Amino acid sequence: MSGRGYVYKREPLVFELSRPGRKAYSLPSLDVPERPMGDLIPENQRRSTPANLPEVSEVDVTRHFTRLSQRNHGVDIGFYPLGSCTMKYNPKVDEAVAQYDGFASVHPYTPEELVQGALRLMFEMQGYLCEIGGFDAVTLQPAAGAHGEFTGLSIIRAYLRDKGQGRRNKVIIPDSAHGTNPATAILAGGETVEVKSDARGGVDLESLQAVVGEDTMCLMLTNPNTLGLFDENIHKAAGIVHEAGGLLYYDGANVNAIMGYARPGDAGFDVCHFNLHKTFATPHGGGGPGSGPVGVKKELADFLPVPIVRKQGDRYYLDYSVPKTIGRVKEFFGNFGVVVKAYAYIRSMGPDGLKRVSEDAVLNANFLMHRLKKDYYLMYDRICKHEFVASGLWQKERHGVKTLDIAKRLLDYGVHAPTVYFPLIVPEALMVEPTETESRETLEMFAEIMAKIAREAETSPEVVLQAPKTTFVRRLDEARAARQTDLAYREAQETE
Ligand SMILES: *Cc1c(COP(=O)(O)O)cnc(C)c1O
């Protein structure tokens, strides 16, 4: 059950692969007159010493990178239940479509007449997202969820200013929120106001009522929230905020839970971002690229970034004349390649398929939640949506084994750890999001591993405390590893 048997673990016999003169290519001999170097590169721009590059053969390069790729965990290698991130499997057909020449090689300055297909794809994508979210207009420009949040809040601010309500600057955010929400609120020139969660994990309506007022810019939340719980009072919350003259921003990172069943636009939200790289099966992790389109209700459509793709007769064109646009938020048209993958995904799933995605995502999460709750504390024991938050609190109090230790031990069993210590309102949080693409067998395997770790914590806690043992690197000082990352292998060699 280690799950790691298929990983090629053997290290090369020698560490330094470079040998003088070894090459991974061969070029045909020169059949044109040789030109002096000075014609091509001016003297002052030429280097005086050769670049210090490894000299290796093709097979060395292939093995090196293949080996490195296997040291990393990824969705294509194993289970990846990283809560809030929707690490679902990305069908390879979407990659194939994104690599079509007409998409991959198109230049952003190509005249509109020559890229009608690409424009049509963007136009239709705007429409699909409107339909899925219940909005009237969409921009595909933002490059990620957080960037979408910034775009959305900038639109709200511009709208309120235009209405003479520019003094409204308070962004109300639940205490369960994702960290990007308050960060975005500040970046967009607002101030944050926290609202408490109630006993069922939703927005506490009394607290909300107490904080709304003449300075309310908007309520910003995700539903289901980061506890994986659907807020049943969302219509009431929307009413309270609208009544006070504020708007509603929907963080669409959790749309995987509701497709075909609920639309934020119908629940009263005015603005929303989508994470194409979460819900719509685009690979992510490792730094992107992503895409965070923003949908708005028609009152706000005049404020969208430019350009928007529109259609006149049979012709698609880029419209730069959005009257009160907030401007551009990204060069050109956003991360077009990601939009293509998401488009291919949406088209191949169809409306029924997307609905099924949400059904299976929710079913898988509930299945796992029930399997885990015997061994792990559940602060909110109610039906969840696409994810749930368990806790290592029992293990910590009874055996001195923390959530971090459990997460590390999971690596020994070949699965990626859930999101840990988030959301902040659950102590020792273990946030599990299995996604719809996992089989029952995988879910069973994970449940068994979690049960096994719970038993280990009881009977041999040192095993869990010392984990991981089977990974390429053992337990790291994560803060240092992130802040003082050293990727230069030569340097590392010297200090060893
Ligand atoms: C992932 C996530 C975000 C941020 O999205 P990025 O694409 O990572 O910038 C915001 N809110 C929630 C709830 C998320 O899960």
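The translational diffusion coefficient of region 318-434, from Stokes-Einstein at 4 °C and 1.567 mPa s with a Kirkwood hydrodynamic radius over alpha carbon pairs, comes to 74 µm²/s. The residue list G228, H242, Y343 was ranked by how far each Cα lies along the charge dipole of region 93-348 toward its positive end, using unit charges on Cβ atoms, and Y343 comes out on top.
Tell me which lysines have Cα within less than 21 Å of K452's Cα, excluding those fewer than 8 residues away on the same chain? Candidates past the 8-residue exclusion: K373, K374, K396, K402, K408, K469.
For the chain, the membrane-span-like helices by this rule, meaning whole DSSP H stretches whose C-alpha atoms cover at least 24 Å of axis and whose Kyte-Doolittle mean is -1.0 or above, are 116-133, 145-162, 336-372, 440-459; this says nothing about an actual membrane. Ranked by the mean number of other Cβ atoms within 10 Å of their residues, highest first, the peptides 139-149, 334-344, 210-220 fall in the order 139-149, 334-344, 210-220. Treating each Cα of region 337-405 as an identical point scatterer and summing with the Debye formula, the log10 of I(q)/I(0) at q = 0.22 Å⁻¹ comes to -0.89. For trypsin sites (Lys or Arg not before Pro), the sites in region 155-242 that DSSP calls loop and that have at most 15 other Cβ atoms within 10 Å are K163, R167, K196, R200.
Quick one: with all protein chains in place, what share of the accessible area of the chain is carbon or sulfur, to the nearest percent (1.4 Å probe)? Result for the chain: 54 percent of the exposed heavy-atom area is carbon or sulfur.
As a length-normalised measure over Cα pairs under 8 Å and 6 or more apart, the relative contact order of region 93-348 settles at 27 percent.
Using only side-chain charges placed at the Cβ, +1 for Lys and Arg and -1 for Asp and Glu, the dipole size of region 93-348 relative to its Cα centre rounds to 380 debye. For Y380, the solvent-accessible surface with a 1.4 Å probe is about 30 Å², rounded to the nearest 10.
Taking all protein chains as they are arranged and a probe of 1.4 Å, the heavy atoms of L404 leave approximately 50 Å² accessible to solvent.
Annotation: amide H-H contacts under 5 Å for D231 (H modelled 1.01 Å from N, sequence separation of 5 or more, or interchain): N225. The GluC sites (Glu not before Pro) of region 12-103 that DSSP puts in a loop, and whose beta carbon has at most 11 other beta carbons within 10 Å, are E16, E34. Semi-axes of the equivalent ellipsoid of the chain are 40, 36, 21 Å, computed as sqrt(5λ) over the eigenvalues of the C-alpha gyration tensor in descending order. Look at where the Cα atoms of region 269-294 and of region 355-371 average out, and the two centres are 21 Å apart. Normalised by the number of residues in the chain, the average gap of Cα pairs under 8 Å and 6 or more apart makes the relative contact order 18 percent.
Where both bridge residues fall in region 93-348, DSSP classifies roughly 45% of the beta bridges as antiparallel. For region 93-348, the calculated P(r), taken from all Cα-Cα distances in 10 Å bins from zero up to the bin holding the longest distance, is 8, 33, 35, 18, 6, 1 percent. For K88, the aspartates and glutamates whose Cα comes closer than 13 Å to its Cα, not counting residues fewer than 8 places off in the same chain, are D76, D360, E387, E433, E436, E438. When the helices of the chain are scored as -39500 (n - 2.57) per DSSP H run of n ≥ 4 and the total is divided over every residue, the value at 222 nm lands at -11500 deg cm²/dmol.
What the phi angles of region 219-228 give under the Karplus curve with 6.51, -1.76 and 1.60, with θ = phi - 60°, is a coupling list of 9, 10, 7, 10, 9, x, 7, 6, 8, x Hz, glycine and proline written as x. With every protein chain in place and a 1.4 angstrom probe, the accessible-area ranking of R409, R356, largest first, reads R356, R409. Lysine pair count for region 93-348 (Cα-Cα distance under 21 Å; residues 8 or more apart in sequence or on different chains): 16.
The values are calculated or read from the model by the stated rules, or taken from the named source; none is laboratory data. Predicted model, so just to flag it, every value in this text is computed and none were measured. A quick note on method: Cβ atoms are made from the backbone with ideal geometry, for glycine too, and the neighbour counts reach across all protein chains shown. Note: areas computed on protein heavy atoms with side chains; ligands, DNA, RNA excluded. Shrake-Rupley method; radii C 1.70, N 1.55, O 1.52, S 1.80 Å.
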